[in-house]
Amino acid sequence: MPSMRGFVVAVAAGLGLLLGGCTIVPLEDDRQERRRSTGDTVTPALRDVERFWTAQFGQISGGEKFTPVRGGYFPYTEADPPPACGGQEFEYQPNAFYCPPDDFIAWDAQQLIPQLEDDYGPLLVGVVMAHEYGHAIQARIGAGNEPTVVLEQQADCYAGAWMAEVLAGRSTAFKDITAAQLDDAVAGVLTLRDQPGTPALAEGAHGNAFDRIRALQDGVEEGVTTCAGYNRRNLPVTEVPFTSLEDAQTGGNLAYDQALSLLADDAQSYWQRVYPRLAGAQWADLPVQPFRAGSPPECARPDASAEGRAFYCPDGDFVAFDSTELGPALHQRIGDFALGMLMGDLFARAAQDRRGEPTRTEQGQLTVDCLAGSWTNDLLTRDRDSRVSLSPGDLDEAVQALLAFGRAGEGEGPTAFDRIAAYREGTLKGLAACTG
Ligand SMILES: [Zn+2]
């Protein structure tokens, strides 16, 4: 059986629903209209990816010249299928894939691509094509016998390397990408999930969102040589095992009130432990005030998070958050550790402010995110018998929460893309990484 590596949409992960007002659109309506509207996105994107590889391929091929896919490009619909791949007849799925035996790329022009473009913007369509092209690159340089998770993250990394061109203004397909458009594309990547390549490698095949975003950012920051160097030994994979049967049955999610109080208590004791190291002073208990949506407690100069629905109040020295809309929405739509991200953010904001460091500048915000990550690091590395530990998917929930409430506004503050990178730094390396 030929291996087809492709994207399928995890429709349930509607994180855009939370604050961005974006919805997963029903698939049936105005297909003709949609098909027309996206025919113009994919072709220039693929040309640009080809241009990118024409320039870059030599770096990872020992100087060998790049050849574009031989088999061509195939938009398909239910009525108009792509060619067979390695002799295997096509069965319609909303997907995009690279076919190694016949060296072609195909995508669903009926549902998947129009839907992604509608929901997350054209840049995501470019990222999907660059990812699939990444698999064509693997076929060209010989990716060895690496597990699927490595190949998928390497394709994400290659897509990131191409994205760096876009961000640098060198793309022929995408111009003047704004911070908000970048964050939309990253949010879109989180809704895409790869089909496991082969059953033998199905376990952990696609990598979690936390790792996938890391791979994408690796590509943006380090370029194709770093991506080409990925292998099963050097790829950091942050899978967290389920710790108990009960955990596995509940998906590792706690009820809202229970999650909130456990997380707030844990954040409190974490900062009691580490704050003296950070600031040379004791941590005073930080009051946490839940409030009804629309009725925040008085505060002269709130240091806001989540579009003002949560904040640290420097004058009163307390944190407060909307506990009737924001909190439940994070918990239900993303999961319990989305609340952990919110608590982590608020406590880190307080820690920064108490030690006299900024939180409202771009660098200040990134330090807050790193400090929030340092608490996640503590949760990840502590003894498994403790009251709170992380379960699989928690890191993804944190990243989704950051994307939901940490999006770039109109031309101010860092992007969620950068905030995720700062959070990851703290998560992987701990407190010392945030104060350097
Ligand atoms: Zn893939």
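The values are calculated or read from the model by the stated rules, or taken from the named source; none is laboratory data. None of the values given here were measured: they were computed from a predicted structure. Here the Cβ is made from the backbone with ideal geometry for all residues, glycine too, and neighbour counts use every protein chain on show. Please note that ligands, DNA and RNA were not included when accessible areas were found on the heavy atoms of the full protein model with its side chains. Shrake-Rupley method; radii C 1.70, N 1.55, O 1.52, S 1.80 Å.
Checking A136 against (1) part of a helix (DSSP H, G or I); (2) more than 16 Å from the ligand (Cβ to nearest atom); (3) not aromatic (F, W, Y): exactly one of these is not met. Which one?
Going through (1) part of a helix (DSSP H, G or I); (2) more than 16 Å from the ligand (Cβ to nearest atom); (3) not aromatic (F, W, Y) one by one, A136 breaks only (2).
Among residues belonging to the range 299-341 that are among the β-branched types (V, I, T) and more than 21 Å from the chain's Cα centre (by Cα), point out the one that is nearest to T415 (Cα to Cα). Don't jump to the end; show me each part of the working.
Start the filter on the range 299-341 by keeping residues that are among the β-branched types (V, I, T), which leaves 319, 324, 334.
The next check asks that each one be more than 21 Å from the chain's Cα centre (by Cα); those that pass are 319, 324.
Values: V319: 23, T324: 27 Å.
Restricting to residues being among the β-branched types (V, I, T) and more than 21 Å from the chain's Cα centre (by Cα), the top hit is V319.
What pairs can you find where one residue is in the range 120-142 and on the phi < 0 side of the Ramachandran plot and basic (K, R), the other is open to solvent by 10 Å² or more (accessible area, probe 1.4 Å) and away from the ligand (no atom under 11 Å from the Cβ), and their Cβ atoms are less than 9 Å apart, with a gap of 6+ or different chains?
These pairs meet every condition: R140/S61; R140/E64; R140/F66; R140/T67.
When you go through (1) modelled with pLDDT of 95 or more; (2) outside any loop (DSSP other than H, G, I, E, B); (3) among the small types (G, A, S) one by one for A284, which number turns out not to apply?
Among (1) modelled with pLDDT of 95 or more; (2) outside any loop (DSSP other than H, G, I, E, B); (3) among the small types (G, A, S), the lone unmet condition for A284 is (2).
Those residues that are of a type in the set (S, T, N, Q), surrounded by 15 or more Cβ atoms within 10 Å (Cβ to Cβ) and either without any contact (Cβ under 8 Å) to a residue 24 or more places away in the chain or closer than 15 Å to G134 by Cβ (or both), I need them from the range 38-82; list them, please. Steps first, please.
Kept after step one, since they are of a type in the set (S, T, N, Q), are these residues of the range 38-82: 38, 41, 43, 54, 56, 59, 61, 67, 77.
Imposing the further condition that a residue be surrounded by 15 or more Cβ atoms within 10 Å (Cβ to Cβ) reduces the set to 38, 41, 56, 61.
Listed by number, the residues that qualify are Q56, S61.
Does L151 satisfy being within 12 Å of the ligand (Cβ to nearest atom) and hydrophobic (A, V, I, L, M, F, W, C)?
Numbers: within 12 Å of the ligand (Cβ to nearest atom): yes; hydrophobic (A, V, I, L, M, F, W, C): yes.
So L151 fits the description; yes.
Kindly indicate the residue of the range 198-211 that is assigned to a loop (DSSP other than H, G, I, E, B) and surrounded by 20 or more Cβ atoms within 10 Å (Cβ to Cβ) and also modelled with the lowest pLDDT among those meeting that condition. Reasoning before the result, please.
Here is the first cut: in the range 198-211, the ones assigned to a loop (DSSP other than H, G, I, E, B) are 198, 202-208.
Next, only the ones that are surrounded by 20 or more Cβ atoms within 10 Å (Cβ to Cβ) stay: 205-208.
Values: A205: 51, H206: 57, G207: 66, N208: 74.
Checking each candidate, the answer is A205.
Can R232 be described as at pLDDT below 95, part of a helix (DSSP H, G or I), of a type outside the set (V, I, T) and open to solvent by 10 Å² or more (accessible area, probe 1.4 Å)?
Details: at pLDDT below 95: yes; part of a helix (DSSP H, G or I): no; of a type outside the set (V, I, T): yes; open to solvent by 10 Å² or more (accessible area, probe 1.4 Å): yes.
For R232, the condition - at pLDDT below 95, part of a helix (DSSP H, G or I), of a type outside the set (V, I, T) and open to solvent by 10 Å² or more (accessible area, probe 1.4 Å) - is not met.
Could you list, in sequence order, all residues of the range 105-127 that are under 19 Å from S171 (Cβ atoms) and either surrounded by fewer than 18 Cβ atoms within 10 Å (Cβ to Cβ) or more than 16 Å from the ligand (Cβ to nearest atom) (or both)?
E117, Y120, G121, P122, L123
Which is modelled with pLDDT under 95 and touching a His at 6+ places or on another chain (Cβ under 8 Å), of R214, R193? Walk me through it before giving the result.
Details: R214 fails: touching a His at 6+ places or on another chain (Cβ under 8 Å).
Just a single option satisfies the conditions, and that option is R193.
What tally of residues in the range 87-104 results from selecting those that are crowded, with 21+ Cβ neighbours inside 10 Å and either over 24 Å from the mean Cα position of the chain (by Cα) or more than 12 Å from the ligand (Cβ to nearest atom) (or both)?
Counting residues in the range 87-104 that are crowded, with 21+ Cβ neighbours inside 10 Å and either over 24 Å from the mean Cα position of the chain (by Cα) or more than 12 Å from the ligand (Cβ to nearest atom) (or both) gives 1.
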